[in-house]
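One structure is given below, encoded as structure tokens.
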Amino acid sequence: LINLIKEIKIQTEGQEIINITSGVEKIIKEFNLEMGLVNLSVLHTSASLFVQENASSDVLRDISDFINDLVPESSNYRHDMEGPDDMPAHIKSLLTNSNLTFSVENNNILLGRWQGIFLYEHRAGKRTRVVVGHLMGN
């Protein structure tokens, strides 16, 4: 029986969307999770996780444009201790996900043909982000 937690560290270069599917697949194969669940949690309040199409980069650019239009940088936020992208980053992570859970079968994440798992960095500066994968099963 597998019940363990593994960290995935991701270097970001500013506001961007990064496909982390291969990193998640790597830990599933590393610990030989044949059947079970993997829960992913991003350990930050200014980055998030989501599942989306992995075939066209236009989808990711459109998502980013939409979210940035919905939550613009502004000097009208009370919380701006780390700059004008500080509070918008928190709101963007509020509107998306901080954790996701996936079924695993035959050592593979059960994703649709066009689906990928993405980390969404909401801050402007370079950061090291941590996603925790909790693997449970056989």
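Worth pointing out:
- Label zone at Asn19 (point 7 Å along Cα-to-Cβ), backbone N below 13 Å, region 108-122: 113-119
- Over region 1-50, equivalent-ellipsoid semi-axes from the Cα gyration tensor in Å: 24, 12, 9
- Cα long-axis angle, helix 21-30 against the chain (0 to 90 degrees, to the nearest 10): 30 degrees
- The charge dipole of the chain, taken about its Cα centre with unit charges on the Cβ atoms of Lys, Arg (+1), Asp and Glu (-1) only, comes to about 400 debye.
- Where Rh is the Kirkwood radius over Cα pairs, Rg/Rh for the chain: 1.01
- A Förster distance of 22 Å, applied to the separation of the beta-carbon atoms of Ile10 and Tyr77, puts the FRET efficiency at 0.25.
- 222 nm mean residue ellipticity, helices alone, for the chain (DSSP H n ≥ 4; -39,500 (n - 2.57); rounded to 500): -7500 deg cm²/dmol
- Accessible surface of the chain [probe 1.4 Å, protein heavy atoms]: carbon and sulfur percent: 50 percent
- Close amide-amide hydrogen proximity is noted between Glu16 and Glu121, each under 5 Å apart and 5 or more residues distant or on a separate chain (H modeled in the peptide plane; Pro and chain starts excluded).
- For the chain, with +1 on Lys and Arg beta carbons and -1 on Asp and Glu, the positive-most of Pro72, Phe102, Gly116 along the dipole: Phe102
- Residue by residue, region 103-116 carries 3J(HN,Hα) couplings of 7, 10, 9, 6, 6, 10, 5, 7, 10, x, 3, 9, 8, x Hz when phi is fed to the Karplus relation 6.51 cos²θ - 1.76 cosθ + 1.60 (θ = phi - 60°); x denotes Gly or Pro.
- Choice from Arg127, Arg61, Arg113 with maximal GNM fluctuation in the chain (Cα, 10 Å cutoff): Arg113
The values are calculated or read from the model by the stated rules, or taken from the named source; none is laboratory data. These numbers come from a predicted model, not from an experiment. Cβ coordinates were reconstructed from backbone atoms using ideal geometry, including for glycine residues, and neighbour counts include every protein chain displayed. Protein only, heavy atoms only, side chains kept; ligands, DNA and RNA dropped before computing areas. Shrake-Rupley method; radii C 1.70, N 1.55, O 1.52, S 1.80 Å.
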